[in-house]
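J.: Here you go, one structure.
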Amino acid sequence: MARQRWANRTIFLLAALGSAVGLGNLWRFPYLAGKYGGGAFLVPYLIALVLVGVPMLMLEFAVGQKMQQGAIGSYRKLHPSFGGLGILALLSSFIIVSYYAVVMAWSLIYLLASWGVKWSGNAEGYFFQEVLQVSEGVNILGGINWFILLSLFVVWLLVYCCVWEGTKSVGKVVLYSVPLPVILLGILLIRAVTLPGFLQGWEMYLKPTWGALLDSEVWTAAFSQIFYTLSLAFGIMIAYASYKTSEDDIAKDTWMTALLNSGTSLFAGFVVFAVLGYMAWKTGTPIGELAASGPGLAFVIFPEALSLMPLPGLFSVLFFLMLLLLGIDSAFSLTEALNAAILDQYKHLQIAKVSMVVCFAASIAGIIYTTRAGIYFLDIVDHFVTSYNLLLVGIFQTILAGWIYGAEKLRRYINQVSDWQVGKWWNVSIKYIIPIVLTTLLVTQFSKDIKIPYQGYPTWALGIGWAIALIPFLLFLFLLVKDKNKRQG
Ligand code: PFF
């Protein structure tokens, strides 16, 4: 069967952008900026974007487009022994999408509860006690929360409807699911800047504390954010680029995706901090105490702020609809990465069937997060996958493409098909800067996790996290060595 193709370039760009723009732009970036030096945070952030984010994204686009395969096949074409690296990337994708969908399931529940603003007056209690019905600790599973499970299946049904025809159905969905949340953000911004207090919020967001730049933690945060926000090392961008033809432009698409994604983050920061500023004005709580990242921002602080606004129901609907839309194209991009690899291997299979199996398997893997201890597992798994698996894939990907296959060879290909020419700096970034930066991040994180058990969770629970970090990596090493021996023998 002929390879699937994007209908046109805009569709490809929208799909790549949809994957990049997700919850990370809304609940991670603004928080990091507020915490790590305000406007000064933009310095390490932009440096990381240009030094690591853009070159790495360009690498993934180039590899997928040149090799015309998903992650496993593409890595194998770079070097026959490296198929296992694709497996490592895709296992991480599978793990991530299985909990990412659970966060979307919470958003769906909130969307349904929005008209009545059910959390009004007690946002924290509503989230933890009513929605999650959270248990006392990770030791107490507390059984399945059926409402979340049901919502999770609805989310997976939605994701399935997006990916069932591959690029054809994804192409139709992204026309709406990518611009719409940005428009909704714009509406929320207009709402927020017509309320008092927003300027204080912006001040907190943007006022530079230059001293922060001396703290290594700030730099680590910026580099890992860039990695996460561009959906790198998941095999996604490789799969998406493999649906372009091998003559398509690469350099421009890379810059467009990277800049529009970061632009959305900056924009989201204005919205989040304007709302927090209003809330601080209304409740007298310092803005610094309100700024939170992760579920705390989207499911506690923000809902509370919305409930304090005029027309709370309407704006809550808009907000949670936006959250769902932001999440869905990231979620189906992860699913697509898996589909692409399976379809490369088993060309006779139908896309619809493969998608169904992948969606079903990932929804089953997500059940653990629908228990009453689900949020603890989610926190642990998220920490380990994003701290270790991704960095490992990133490091080996640059070694493979930069050193084994040859950065220069890849750069020549990029320049052959692109209008904008890429200079030799790209080779330097791929061969030296990125592996060094990622290894530093990995070592820093490792020594931190060894010294202080993550969030004080019990050893057995963290053991699950370590297993998730280590087992896929050992599998990759095993396959690498095995293949090498076979070749030599
Ligand atoms: N890039 C997405 C974001 O910033 O929210 C996050 C993400 C997307 C993570 C896709 C993982 C993923 F596979």
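J.: Would you mind counting up the charge near Lys252? Only other residues with Cβ under 14 Å from its Cβ, with Lys and Arg at +1 and Asp and Glu at -1.
T.: After counting each charged neighbour, the total is -3.
J.: One-quarter of the Cα convex hull surface for the range 181-253, in nm²? Don't jump to the answer; show the numbers that get you there.
T.: Numbers: hull surface 32.8 nm².
In nm², the orientation-averaged hull projection of the range 181-253 is 8.2.
J.: Now a separate question. Is the shape of the range 25-69 rounded, prolate or oblate, going by the alpha carbon gyration tensor and its root eigenvalues a ≥ b ≥ c, with a/c under 1.5 for rounded and a/b larger than b/c for prolate? Mind dumping the intermediate values first?
T.: Values: a/c = 6.63, a/b = 2.49, b/c = 2.66.
It is oblate, given that a/c is not under 1.5 and a/b is not larger than b/c.
J.: Then there's this: Stick to the Cα atoms of the range 349-454, pair each with every other, and give me the Kirkwood hydrodynamic radius in Å at one decimal.
T.: On the way: mean 1/r = 0.0581 Å⁻¹.
Evaluated over the range 349-454, this radius sits at 17.2 Å.
J.: Quick one: 3J(HN,Hα) in Hz for the range 17-34, Karplus 6.51/-1.76/1.60 with θ = phi - 60°, rounded, Gly and Pro as x.
T.: Taking θ as phi minus 60°, the curve returns 5, x, 5, 5, 7, x, 4, x, 6, 8, 10, 9, 4, x, 4, 4, 4, x Hz for the range 17-34.
J.: Would you kindly derive the ³J(HN,Hα) couplings of the range 61-71 from the backbone phi angles with the Karplus curve 6.51 cos²θ - 1.76 cosθ + 1.60 (θ = phi - 60°), listing them in order in whole Hz, with x for Gly and Pro?
T.: 4, 5, 4, x, 5, 6, 8, 6, 9, x, 4
J.: Can you tell me which of 481-488, 105-112, 59-66, 183-190 comes out highest on packing, and rank the rest after it, using the mean Cβ neighbours within 10 Å? Write down the numbers at each step before the final one.
T.: Numbers: 481-488: 11.1, 105-112: 22.5, 59-66: 25.8, 183-190: 16.8.
Top to bottom by mean Cβ count within 10 Å: 59-66, 105-112, 183-190, 481-488.
J.: Using alpha carbons only, how many degrees (0 to 90, rounded to 10) separate the axis of helix 216-229 from the longest principal axis of the chain?
T.: Long axis of 216-229 versus the principal axis of the chain: about 70 degrees.
J.: How much net charge surrounds Tyr126 when only the other residues with a Cβ under 15 Å from the Cβ of Tyr126 are counted, with Lys and Arg +1 and Asp and Glu -1?
T.: Summing Lys/Arg as +1 and Asp/Glu as -1 gives -2.
J.: Could I ask something else about it? So if the hydrodynamic radius of the range 132-183 is defined as the Kirkwood radius over C-alpha pairs, what does Stokes-Einstein give as its diffusion coefficient at 10 °C and 1.306 mPa s, in µm² per second? All intermediate terms of the calculation are to be shown ahead of the outcome.
T.: Values: Rh = 13.7 Å.
Once the numbers are plugged in, D ends up at 116 µm²/s.
J.: Once each part is reduced to its C-alpha centroid, what is the distance from the range 213-255 to the range 326-369 in angstrom?
T.: 21 Å
J.: May I ask for the distance between the Cα centers of the range 423-471 and the range 277-319, given as a whole number of Å?
T.: The two parts, judged by their Cα centres, are 33 Å apart.
J.: Right, something else. Mind checking the range 230-324 for GluC sites (Glu not before Pro) that DSSP puts in a loop (not H, G, I, E or B) and that have at most 15 other Cβ atoms within 10 Å? Kindly include the intermediate steps, with their values, before the conclusion.
T.: Details: sites: Glu247, Glu289, Glu304; in loops: Glu247.
Answer in residue order: Glu247.
J.: Could you list Glu336, Glu130 in order of exposure, starting from the residue whose Cβ has the fewest other Cβ atoms within 10 Å?
T.: Numbers: Glu336 29, Glu130 14.
Final ranking by Cβ density, sparse to dense: Glu130, Glu336.
J.: Still on this structure: If one puts a single equal scatterer on every Cα of the range 290-364 and applies the Debye formula without solvent, what log₁₀ I(q)/I(0) results at q = 0.17, 0.19, 0.26 Å⁻¹?
T.: -0.74, -0.81, -1.14
J.: From the square roots a ≥ b ≥ c of the eigenvalues of the alpha-carbon gyration tensor of the range 410-453, which class results: rounded (a/c under 1.5), prolate (a/b over b/c), or oblate?
T.: prolate
J.: Sticking with this structure for a sec: With a 10 Å Cβ neighbour count serving as the proxy for reagent exposure, in which order, fewest first, do Trp146, Trp255, Trp281 appear?
T.: Values: Trp146 9, Trp255 15, Trp281 18.
In order of increasing Cβ crowding within 10 Å: Trp146, Trp255, Trp281.
J.: Using the count of nearby Cβ atoms within 10 Å as a rough guide to exposure, how do Tyr100, Tyr405 rank from fewest to most? The partial results should precede the final answer.
T.: Values: Tyr100 25, Tyr405 18.
Going from least to most buried by this count: Tyr405, Tyr100.
J.: Note down, for the chain, the three equivalent ellipsoid semi-axes (square root of 5 times each alpha carbon gyration tensor eigenvalue), biggest first, whole angstrom.
T.: Working: eigenvalues 242, 126, 108 Å².
With the √(5λ) rule applied to the chain, the semi-axes are 35, 25, 23 Å.
J.: Okay, next question. Which three semi-axes in whole Å describe the equivalent ellipsoid of the range 1-100, each the square root of 5 times a Cα gyration tensor eigenvalue, listed largest first?
T.: Semi-axis lengths for the range 1-100 are 30, 17, 15 Å.
J.: Can you give the angle from 0 to 90° between the axis of helix 374-384 and the longest principal axis of the chain, with both taken from C-alpha atoms, to the nearest 10?
T.: Between helix and principal axis, roughly 40 degrees.
J.: Continuing with the same structure: At 222 nm, what helix-only mean residue ellipticity would the chain give, in deg cm²/dmol to the nearest 500, using -39500 (n - 2.57) for each DSSP H run of four or more? Walk me through the intermediate numbers first.
T.: Numbers: 23 runs with 328 residues, N = 489.
Theoretical 222 nm ellipticity from helices: -21500 deg cm²/dmol.
J.: In whole percent, what relative contact order does the chain give with Cα contacts below 8 Å and a gap of six or more residues? Walk me through the intermediate numbers first.
T.: Working: 755 pairs, mean separation 163.1, N = 489.
33 percent.
J.: Taking a ≥ b ≥ c as the square roots of the Cα gyration tensor eigenvalues, with a/c under 1.5 meaning rounded and otherwise prolate when a/b beats b/c, else oblate, which class fits the range 57-122?
T.: Working: a/c = 5.34, a/b = 3.29, b/c = 1.62.
Prolate.
J.: Rounded to a whole number, what is D in µm²/s for the range 417-489 from Stokes-Einstein with the Kirkwood radius over alpha-carbon pairs (37 °C, 0.692 mPa s)?
T.: Numbers: Rh = 16.0 Å.
Answer from the Stokes-Einstein relation: 205 µm²/s.
Where a number appears in this text, it was derived from the coordinates with a stated rule and is not lab data. Being a predicted model, the structure only gives us computed values, none of them experimental. Please note: Cβ atoms are built from the backbone with ideal geometry, for glycine as well, and neighbour counts cover all protein chains shown.
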